[in-house]
1. Can you find even one residue in segment 303-313 that is touching a strand residue (DSSP E or B) at 6+ places or on another chain (Cβ under 7 Å) and more than 30 Å from residue 155 (Cα to Cα)?
2. Return a yes/no flag: does segment 198-212 have any residue that is part of a loop (DSSP other than H, G, I, E, B), at pLDDT 90 or above and over 26 Å from residue 254 (Cα atoms).
3. Would you please list the contacts, defined by Cβ atoms under 9 Å and residues six or more apart or on different chains, that run from a residue in segment 26-54 that is not assigned by TED's automatic domain parsing to the domain that holds residue 89 to a residue that is part of a helix (DSSP H, G or I) and exposed (fewer than 14 other Cβ atoms within 10 Å of the Cβ)?
4. Of all residues in segment 300-349, which are in contact (Cβ under 8 Å) with a residue 40 or more places away in the chain and over 27 Å from residue 82 (Cβ atoms)?
5. Output the residues belonging to segment 322-336 that are out of contact with any helix residue (DSSP H, G or I) (no Cβ under 8 Å at 6 or more places or on another chain) and either under 15 Å from residue 271 (Cβ atoms) or at pLDDT 95 or above (or both).
6. If you go through segment 69-105 one residue at a time, how many are crowded, with 18+ Cβ neighbours inside 10 Å, over 29 Å from residue 263 (Cα atoms) and modelled with pLDDT of 90 or more?
7. Inspect segment 140-150 for any residue being outside the structural domain of residue 26 (by TED's automatic domain parsing), surrounded by fewer than 14 Cβ atoms within 10 Å (Cβ to Cβ) and modelled with pLDDT of 90 or more and give the result as yes or no.
8. Of all the residues that make up segment 107-121, how many are modelled with pLDDT of 90 or more and either out of contact with any strand residue (DSSP E or B) (no Cβ under 8 Å at 6 or more places or on another chain) or within 23 Å of residue 281 (Cβ to Cβ) (or both)?
């Protein structure tokens, strides 16, 4: 829904002008942009045999993990930094850490990408969209991220003043608005005893399961027998019950707004044999709206620190030897996700 609103906003903003002007705006907006559709696939985890003993009988089953794949579609207009190489085609697997930087090389840049994939047998529908507009004294950016593997999803907008320290370095200060599920909320808290144990059997009964301890029969809400022993019930069925309950309770809640104060910096230097690109965002203060599911309630009413940043470094030490370090890191609502890579290259000739 959010991505559709963003796209509609761009279209409506472009088309409030007369037809001729609208055509020029659209042409300028999409000039040098790239639209891409790609499919990728490969072998996933190998098959695994699982053994069990029923009395004196040995049983085994094979866990099959289907192949991995991804179907990617997107459009992007992001000018490459000087250290980034060009490729003849976009295949949807590229990871450009510089996309997460606060400022780019063009005043107006954007990315809209959806990625439907299966990884290690689990399906995800990931999305990454952003619009970024940068001027010498200020910049603004709106972004939507959904990363199923990292279990993170949020919408973020920011408006900041830029304080130029030099041609390469700038500091920024402003506000950030984020919309996300109420991270920190634990649906199992009301079922947790003082000892830390969970009334999981009562919870399962509330969710429609039937328990007959005398006959050792455990049925799901549809009446199917899912376990015939306490061990299978506790070790196999209950984890699924708890997972489904947590997902259901979280889905019932509305997303929550989080308004924060932010400070950051951007640094960019490039030469033929050495380049350094770094950026950071630090949010030390967050407005408490007093809502029941405000993250302040899950943090004992205290403020907390959210931050993100990235670093891209490369050096050609000699004609033959070079090294590189690239990565980005996020910590929001005490949830972490990050990517990095580093290495050494030695050209032999």
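The values are calculated or read from the model by the stated rules, or taken from the named source; none is laboratory data. This structure is a prediction, so every number in the text was calculated from the model and none was measured. Cβ placement follows ideal geometry from the backbone for every residue including glycine, while neighbour counts extend to all protein chains displayed.
1. no
2. Keep residues of segment 198-212 that are part of a loop (DSSP other than H, G, I, E, B), which gives 199, 207-209.
From what's left, at pLDDT 90 or above: 207-209.
Narrowing the set further to residues that are over 26 Å from residue 254 (Cα atoms) leaves 209.
Yes, segment 198-212 contains a residue that is part of a loop (DSSP other than H, G, I, E, B), at pLDDT 90 or above and over 26 Å from residue 254 (Cα atoms).
3. Close Cβ pairs satisfying both conditions: 26/11.
4. Listed by number, the residues that qualify are 306, 332, 333, 334, 335, 337.
5. Residues of segment 322-336 that are out of contact with any helix residue (DSSP H, G or I) (no Cβ under 8 Å at 6 or more places or on another chain), as a first pass: 322-325, 329-332, 334-336.
Passing the criteria: 322, 323, 324, 325, 329, 330, 331, 332.
6. 3
7. Restricting attention to segment 140-150, the residues satisfying the condition of being outside the structural domain of residue 26 (by TED's automatic domain parsing) are 140-150.
From what is left, the residues that are surrounded by fewer than 14 Cβ atoms within 10 Å (Cβ to Cβ) are 149.
Keeping just the survivors that are modelled with pLDDT of 90 or more gives none.
No: segment 140-150 contains no residue that is outside the structural domain of residue 26 (by TED's automatic domain parsing), surrounded by fewer than 14 Cβ atoms within 10 Å (Cβ to Cβ) and modelled with pLDDT of 90 or more.
8. Going through segment 107-121, the residues modelled with pLDDT of 90 or more turn out to be 107-118.
Checking the rest, the ones that are also either out of contact with any strand residue (DSSP E or B) (no Cβ under 8 Å at 6 or more places or on another chain) or within 23 Å of residue 281 (Cβ to Cβ) (or both) come to 107-113.
Count: 7.
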